[in-house]
Every structure is written in structure tokens, then in C-alpha cells.
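Asks: Quick one: this structure, given as C-alpha cells, is what I'll be asking you about.
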Amino acid sequence: PVSPRLSKYCGALVGAVVGDCLGAYFECKRHVKVDELLNHFAALDSVRKEQQFTDDTAMARSVARSLVEKKGLDVKDMASRFVSEFYKEPDRGYGGSIAAVFSKLEKSGCSDPFLPAKEQFDGQGSFGNGGAMRISPTALYGYNLSEEELNKVSEDITRITHTHPDALRGAQLQCSAVRLALRETDTDHLNTNNFIQKLRTTMKQLENPQNLDNHPQPYCDKLDTIEEFLKRDSVDCSEVVECLGNDISALGSVPTAIYCFLRSLKPVDYIPKENPFERTILYAISLGGDTDTIATMAGAMAGAYYELDRVPQHWQDICEGVPDAVSYAKQLHTLCSDLMDS
Ligand code: R7I
Ligand code: MG
Ligand code: MG
Ligand code: MG
């Protein structure tokens with residue numbers, strides 16, 4: 001095992017928070033005009049008002065807190081934190097159907113923490129991105145776990161609210177991508193083919209473990225699309241949205257977030273930003289749709305890769321919950337070191 005870097009841990013959680021807070025303004029605008037986006041961000045420079053986080057961060061905070069306080073995954077504890085956060089602040093912009101899960105968990109005292117989620121959508125479970133949007137702290141906790149162990153933890157955290165395979169695989173993909181970004185030490189050069197290949201190996205194992213012909217493997221297919229897009233000089237936003245998605249489904253947003261991170265390693269002509277972390281957030285928002293969630297997921301990867309220093313200080317000052325994110329990152333870093341020593 002190798003020692004993770006604290007600045008990368010802080011970057012991941014702070015990156016996720018600022019993506020959520022700054023993406024929230026544009027959530028559900030189907031098209032984001034570039035002028036409007038650039039003007040909005042220019043005006044933010046003189047804004048002092050706090051930019052509030054949404055459900056994405058509210059739930060990620062519970063994931064981080066529970067992992068820290070229980071020194072690992074305690075599903076009932078995490079479920080009851082989700083529930084009490086929801087009832088304390090129900091107006092954080094939660095998904096349209098998830099209140100039913102929280103209500104059943106509350107009434108049953110979380111006696112079977114996986115049951116209410118299984119009953120969603122006539123028993124098929126939600127395919128929303130609510131599992132993936134909150135999973136990033138798990139990558140910090142699981143920095144040195146085996147791939148199988150990490151995938152199991154991600155799956156169990158997601159199953160508290162989402163049981164559809166797309167939601168489970170999406171959270172596992174997001175968690176794996178954040179962990180890969182944390183493990184990258186050269187912030188001047190990332191081998192994107194290598195990055196995608198590692199994710200493909202992980203997802204292949206999850207989607208098609210027996211390597212059957214014609215077996216559906218929707219996330220592997222999306223990774224192929226990402227790889228193809230990255231080879232091209234430019235890809236229109238409309239094509240990115242059409243092929244990768246920008247909606248509240250896990251399959252229609254997690255691969256998009258990965259593409260946003262990888263695409264923004266290089267300049268984007270219509271986003272005049274030198275700082276690649278900033279570019280990642282603006283590029284993610286420019287795609288429209290579920291902007292808080294795509295920006296929070298891409299922000300976690302970019303923050304993990306570029307480290308905390310690249311997250312603009314002003315963004316850190318105006319986004320709600322940044323000091324807490326730093327504190328959780330430090331605690332997860334300590335926990336991870338303690339687990340290594342034991
Ligand atoms: O997945 P979830 O937590 O929502 C997260 C999104 C993020 O964008 C947040 O920022 C917040 O805005 O919400 O919440 P769910 O209610 O489980 O899923 C979200 C929506 O996806 C549902 O309200 C449905 O519209 C849709 N959906 C489905 N529709 C049909 N069949 C999810 N699963 C299904 C399904 O199986
Ligand atoms: Mg949200
Ligand atoms: Mg959202
Ligand atoms: Mg510094």
C-alpha cells in the first residue's frame with residue numbers, strides 16, 4: 001500500500017462541493033448558453049453571498065461522516081444519517097421519488113435498510129444518479145482496498161436508496177474514477193487511454209464477468225464512446241449530450257462526468273480558462289441538464305487529480321460546506337493511514 005496525499009483528498013471533496021454549489025444555479029436548464037455561463041461566472045468574482053449545496057452534497061456529507069465515525073461501512077448508521085438529514089432539510093433539491101424511501105426507512109427505524117429502495121419503481125429500483133452523486137468519499141476511505149472490496153462498499157452504500165443495476169454500476173464507476181484520479185501522481189500528464197482502460201477492466205468485470213458474447217454492457221459501451229471522442233479534435237456539445245447524456249439517470253450522467261474531466265485536461269475553445277479545474281466545472285455545466293450532479297462528479301475527479309490548490313480560492317470562500325469538506329478529507333486520510341498501519 002502507498003500513502004495517499006492529503007492535498008488530493010481535500011481536492012476531491014472540495015471539488016465535489018464546489019461543483020454541486022456552482023452547478024446548481026443551472027440545474028435543469030436544458031441548454032446553457034455559453035455567454036450566459038461566462039457572464040455568470042465573471043459576476044461570481046464579486047459575489048460574497050454563500051452558494052448553497054444541494055442533496056448531492058447533503059448525502060455525500062453523511063457518507064463521509066458515517067465512514068469516519070464507524071471507521072468503515074455501517075449500513076444502518078449511514079441510512080439513518082440520510083434520513084435525518086432529509087427530514088432536517090427536505091428542500092435541498094432531492095430526486096422526485098426518493099422521499100418514499102426515506103419515509104419507509106424512518107417508519108421502520110432502518111430495520112432492513114435495503115428493503116425500501118428495492119420497492120421503488122414497481123420493484124426494479126431507481127436508476128437515478130443519486131447513488132453516484134454522493135459516492136466520492138468512499139474512494140478516499142477505500143484508497144487501499146482491493147477492487148472487489150471497493151466495489152462491494154460502493155454497491156452497499158448505493159443500495160440504501162437505489163437498486164437498479166444502472167444505479168449500482170454508475171456509483172461503482174464514479175468511485176473507481178475518483179480513486180484512479182487520487183492515485184495519479186503526475187498532475188502535468190495523464191494518460192487518458194490508460195485511465196479509460198483501467199475503468200473498462202473494472203466495468204467489464206461488473207457488467208459481463210463471464211465475457212459472454214452479446215451480453216449487455218452499457219457502461220463499457222459508454223467508455224468506448226468517451227475514448228473515441230477524446231481522439232477527435234472537437235466534439236459538439238450536442239453530440240456529447242446525445243451520446244453520453246446529461247440527465248438524472250446514472251447511465252446518462254456518470255460517463256459524461258468522466259468525459260468532462262478527461263476532455264478538460266486540454267483547452268476548450270469556448271471556455272477561456274487557463275486553470276484546468278475551473279475548465280472542468282465550466283465545461284460540465286455548459287452541457288446543461290443535471291448540471292449540479294455532473295459538475296459534482298467531474299469536480300471530485302478533477303479536484304482529486306489537480307489537488308486543492310487548483311480549486312479557486314474565491315470558489316472555496318463562497319461555497320457552502322467547503323470547511324467541512326476539508327475536515328472530512330483530513331479525517332478520511334487519517335482513517336486510511338490507521339487502516340494501513342493495523
Ligand atoms: O437518483 P435520485 O437521488 O436523484 C438524484 C438527482 C440529482 O440530479 C440531484 O441533484 C437531484 O436533483 O436529483 O432520486 P430518484 O427519485 O431515485 O431518481 C430521480 C428521478 O429519476 C425519479 O424521480 C424519476 O423521474 C427517474 N427515475 C425513474 N423513472 C422511471 N423508472 C429513476 N428511476 C426510474 C425508473 O426506474
Ligand atoms: Mg442536487
Ligand atoms: Mg442534480
Ligand atoms: Mg495550498
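Asks: Please report, in debye to the nearest 20, how large the charge dipole of the chain is about its Cα centre when each Lys and Arg carries +1 at its beta carbon and each Asp and Glu carries -1 there.
Replies: 480 debye
Asks: Of the peptides 280-291, 100-111, 176-187, how do they stack up when ordered by the mean number of other Cβ atoms within 10 Å, highest first? Don't skip to the end; give the middle numbers.
Replies: Details: 280-291: 26.6, 100-111: 16.6, 176-187: 20.8.
In decreasing order of mean packing, 280-291, 100-111, 176-187 become 280-291, 176-187, 100-111.
Asks: Moving on to the next point. For T185 and S103, calculate 0.36 nm times their separation in residues minus their Cα-Cα distance, and state this gained length in nm to one decimal.
Replies: Computed gain between T185 and S103 is 25.2 nm.
Asks: Among H189, I258, V75, whose Cα lies farthest out toward the positive end of the dipole of the chain, if unit charges sit on the beta carbon of Lys, Arg (+1) and Asp, Glu (-1)?
Replies: Selected residue: V75.
Asks: Right, next: Just for the Cα atoms in region 1-55, what are the lengths along the principal axes, largest first, rounded to whole Å?
Replies: For region 1-55, the Cα extents along the three principal axes come out at 46, 26, 22 Å.
Asks: Along each principal axis of its Cα atoms, how long is region 208-273 end to end? Whole angstroms, biggest number first, please.
Replies: Dimensions of region 208-273 along the principal axes of its Cα atoms: 45, 26, 17 Å.
Asks: Want the number for Q197 to S234: 0.36 nm per residue separation, take away the alpha-carbon distance, what's left?
Replies: Between Q197 and S234, full extension yields an extra 11.2 nm.
Asks: Taking each full run of DSSP H in the chain as one helix, which ones are at least 24 Å long along their axis (Cα atoms) and have mean Kyte-Doolittle hydropathy of at least 0.0? Walk me through the intermediate numbers first.
Replies: Details: long enough: 6-23 (25 Å, 1.19); 165-183 (27 Å, 0.12); 322-341 (29 Å, 0.07).
Counting only whole DSSP H runs, the qualifying helices are 6-23, 165-183, 322-341.
Asks: Could you work out how far the C-alpha centroid of region 10-25 sits from that of region 78-102, in angstrom?
Replies: Between the Cα centre of region 10-25 and that of region 78-102, the gap is 20 Å.
Asks: Checking a compactness column here: for region 17-93, what do you get for Rg(Cα) / (2.2 N^0.38 Å), N being the number of residues?
Replies: Against the compact-globule rule of thumb, the ratio is 1.40.
Asks: What is the distance in Å between the Cα centres of region 196-248 and region 287-342?
Replies: 25 Å
Asks: So if R0 is 41 Å, what FRET efficiency would R30 and S3 give, r being the distance between their Cβ atoms, rounded to the nearest 0.05?
Replies: Rounded to the nearest 0.05, the efficiency is 0.40.
Asks: Additional query: What is the Cα convex hull volume of the chain when expressed per residue in Å³?
Replies: Cα-based convex hull of the chain, divided per residue, equals 129 Å³.
Asks: On a full-extension model of 0.36 nm per residue, what is the gain between D74 and E50, subtracting their alpha-carbon distance, rounded to one decimal in nm? Before the final figure, lay out each step's value.
Replies: Numbers: separation 24, 0.36 × 24 = 8.64 nm, distance 3.26 nm.
Stretched fully, the D74-E50 segment lengthens by 5.4 nm.
Any read-out appearing in this document is the output of simple, stated calculations on the displayed coordinates, not a laboratory observation. What you see is a predicted model; the values in this text were computed from it and never measured. Don't worry about glycine lacking a Cβ; one is built from the backbone with ideal geometry, like all the others, and counts go over all protein chains shown.
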